[in-house]
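The values are calculated or read from the model by the stated rules, or taken from the named source; none is laboratory data. Treat the numbers as computed from the prediction; the structure is a model and nothing was measured. For neighbour counting, all protein chains shown are included, and Cβ atoms are generated from backbone atoms with ideal geometry for every residue, glycine included.
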Amino acid sequence: MRARILFALLDGREIPASELAARANASAQSASGHLRKLVAGGLIVTRAAGRQRLFHLASPQIAHAIEILGSIAPVAPIVSLRQHTTMQRLREARSCYDHFAGRLGVAITESLTRKGAIELCSDEFTLSTAGRRLLTRIGVDVDAAEIQRRSFARACIDWTERRPHLAGSLGAALLSHAVAERWVRRHPSERSLQVTSEGKDALKTLFGIQVA
């Protein structure tokens, strides 16, 4: 149950206890006990919002660890059409805490690599001068991403694709820009992303990515 709660929080949003209980298929009392233990363990944090308590992951590092564990864990069996549909959406395009993941996240990362914008070195990407110009021209605030107190361009092994995607503050800045420009829309109750018609045009023009 705790694993389901942590995966539900992987999109970086704050979620009330009642919704987390529903996603974990648990009673409110049972979920409350697990949430207390996750807070005590430093994996999630909580704040009061009126009569509700909202929960979110404690840090991007926690999200990274969960995604890595997901990439090496056995794939859970799909037992319903609803599960299959949800998994297809998540595999196509999703957020991993605050950056692109899934096939779309990997495709964007590989496009930037082919263009010479980034280069993989161990578990980090390095941003080239040309890459800085490219992302700045797109509208990504590279300078603001660079001064954050976190990894700048970490390579995150994708949970479903088993290949690296761009994470860190630079990956977060790219997703934030895409959301602001309405290239993608967040799903209201899961971390899948829907590519809009504007997004399809932008992805094709800027990254050479064809989205059906």
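Key figures
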quantity	calculated
Members of segment 141-158 that are over 17 Å from the mean Cα position of the chain (by Cα), β-branched (Val, Ile, Thr) and either surrounded by fewer than 17 Cβ atoms within 10 Å (Cβ to Cβ) or under 25 Å from residue 90 (Cα atoms) (or both)	147
Any hit, segment 177-198, residues being over 30 Å from residue 21 (Cα atoms), touching a residue at least 60 places away in the same chain (Cβ under 8 Å) and part of a helix (DSSP H, G or I)	yes
Matching residues, segment 173-198, being modelled with pLDDT under 95 and small (Gly, Ala, Ser)	189, 192
Candidates 176, 197, 192, filtered to the one that is surrounded by fewer than 14 Cβ atoms within 10 Å (Cβ to Cβ) and of a type in the set (Ser, Thr, Tyr)	197
Total residues in segment 109-156, condition part of a loop (DSSP other than H, G, I, E, B) and acidic (Asp, Glu)	2
Within segment 157-176, considering residues that are hydroxyl-bearing (Ser, Thr, Tyr) and not in a loop (DSSP other than H, G, I, E, B), the one nearest to residue 195 (Cα to Cα)	176
Any chance residue 58 is over 19 Å from the mean Cα position of the chain (by Cα) and of a type in the set (A, V, I, L, M)	no
Residues of segment 159-176 that turn out to be farther than 13 Å from residue 104 by Cβ, touching a residue at least 40 places away in the same chain (Cβ under 8 Å) and within 13 Å of the chain's Cα centre (by Cα), as a count	7
Qualifying residue in segment 116-131 (condition: of a type in the set (D, E, K, R), closer than 27 Å to residue 196 by Cα and surrounded by fewer than 19 Cβ atoms within 10 Å (Cβ to Cβ))	no
Helices (runs of 4 or more DSSP H) wholly inside segment 8-102 containing at least 3 residues that are surrounded by 17 or more Cβ atoms within 10 Å (Cβ to Cβ) and assigned by TED's automatic domain parsing to the domain that holds residue 174	81-92
